[in-house]
Amino acid sequence: MSERKPYPTDVSDEEWAFVAPYLTLMTEDAPQREYPLREVFNGLRYIVRGGISWRMIPNDLPPWHTVYQQTQRWLKAGVFEAMVHDLREVLRLAAGRKAQPSAALFDSRTLQSSPESGERAGYDGAKRRKGSKTHMAVDTLGHLLALSVTAADEQDRAHVDQLAQAVQAATGQTVEVAFVDQGYTGETPAQAATDHGIRLEVVKLPDAKRGFVLLPRRWVVERSFGWMARFRRLARDYERLPETLKGLHFLAFAMLMAHQFVRLIAYLL
C-alpha cells in the first residue's frame, strides 16, 4: 500500500485476499505493470461508488487511463462475473440454501441517459424517462444472476429469452421458476422462459391498491435495485459501451458480496 490517506472505498485487506486471484491477469512484477494492482482496483472502486468521471480520479490514485484500460481488461476477462458466481454460492450455502437456486426474479430498471450513452438511449413511456434499461435476474437472496442492457423503449417481455438463457448458463440449468411483474404477461414471454426450462409466475398487484404495497417475493429484486442506487456511477447511464455498464453492475455486486463474505468469516472465527 502507498502512503496516501485511505478512502472509504478502498478495498480492505480481507477483501483483497479474496479478490486478488481473480484480478491478477499478469504477475505483479510484469514489465507492463507500472502501478500496484490493488491501487488500480481502488481507483475503480472510487469511480463506481463515488460516481465521478474517469478523468476526475484523484491524483494520489493511479492515472485515469491506467484504471480505465485495466478495467476494460477485467471486463473482457469476466472476472467480476466469476467473483459474483463464487460469492453467490458461498453466501447461499452459509444461509442454509443450495449452492445453485431453483427460483429467480426478473425485473428491469430505467437509467436516465447522458451524452455518453448516445444512440443507446430510448424513451420509456411508463417511466417517462429517456435512457437505458437494465434487465436483471437475481436469486431469492437478491444476488445477481444475469443482466443485460438495452434502450429504455425495449419491452421487458421481449428479453425473457435472453435473460432466461443467461440465468440457466450461470446456474447450470437449476432454475425452475421466475417471479415477475405484470410487464411479463403473455404467451410469448411464457413460452420463451419454458424453452429454457423456466416457468414464469406473475406476481400481481392487489385490486384495491393504495400507496406503496410490498409484494410477495417481488420486494427482493427491488431491494437489489436499491443496493445499486448506492453506487452513484450506476445512478445514470454514463457509459458509452453497454458492456461497461453491465460489467460495472457485476463489480458493484461483487463489492457488496465480498464485504458480506468477509463479515461472515469474521463471525465464524
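The values are calculated or read from the model by the stated rules, or taken from the named source; none is laboratory data. Being a predicted model, the structure only gives us computed values, none of them experimental. In this analysis, Cβ positions are derived from the backbone assuming ideal geometry, glycine residues included, and neighbour counts consider all displayed protein chains. Side chains are part of the model used for accessible areas, which takes the heavy atoms of the whole protein and leaves out ligands, DNA and RNA. Shrake-Rupley method; radii C 1.70, N 1.55, O 1.52, S 1.80 Å.
If you go through region 99-125 one residue at a time, how many are in contact (Cβ under 8 Å) with a residue 40 or more places away in the chain and either small (Gly, Ala, Ser) or surrounded by fewer than 20 Cβ atoms within 10 Å (Cβ to Cβ) (or both)?
12
Search region 127-160 for residues being part of a helix (DSSP H, G or I) and of a type in the set (D, E, K, R), and hand back the single one that is least open to solvent (accessible area, probe 1.4 Å).
156
Mind listing whichever residues of region 161-177 are under 18 Å from residue 108 (Cβ atoms) and either at pLDDT below 95 or surrounded by fewer than 20 Cβ atoms within 10 Å (Cβ to Cβ) (or both)?
161, 162, 165, 166
Within region 1-8, is there a residue that is open to solvent by less than 30 Å² (accessible area, probe 1.4 Å) and not β-branched (Val, Ile, Thr)?
No, that holds for no residue.
Residue by residue through region 51-102, note down the ones that are in contact with a Gly (Cβ under 8 Å, 6 or more places away or on another chain) and among the basic types (Lys, Arg).
Across region 51-102, there are no qualifying residues.
Select, from 254, 192, the only residue that is at pLDDT 95 or above and either in a loop (DSSP other than H, G, I, E, B) or open to solvent by less than 10 Å² (accessible area, probe 1.4 Å) (or both).
Going through 254, 192 in turn, the sole match is 254.
Yes or no: residue 93 under 16 Å from the mean Cα position of the chain (by Cα) and over 23 Å from residue 232 (Cα atoms)?
When the stated conditions are applied, residue 93 does not pass them.
So which of 85, 65 ends up being open to solvent by 70 Å² or more (accessible area, probe 1.4 Å) and assigned to a helix (DSSP H, G or I)?
Selected residue: 65, the only one of 85, 65 that is open to solvent by 70 Å² or more (accessible area, probe 1.4 Å) and assigned to a helix (DSSP H, G or I).
Give just the number: which of (1) touching a Pro at 6+ places or on another chain (Cβ under 8 Å); (2) at pLDDT below 90 does residue 183 not satisfy?
Here residue 183 clears every test but (1).
Would you confirm whether any residue within region 105-115 is more than 30 Å from residue 264 (Cβ to Cβ), part of a helix (DSSP H, G or I) and under 19 Å from the mean Cα position of the chain (by Cα)?
Looking through region 105-115, none of the residues is more than 30 Å from residue 264 (Cβ to Cβ), part of a helix (DSSP H, G or I) and under 19 Å from the mean Cα position of the chain (by Cα).
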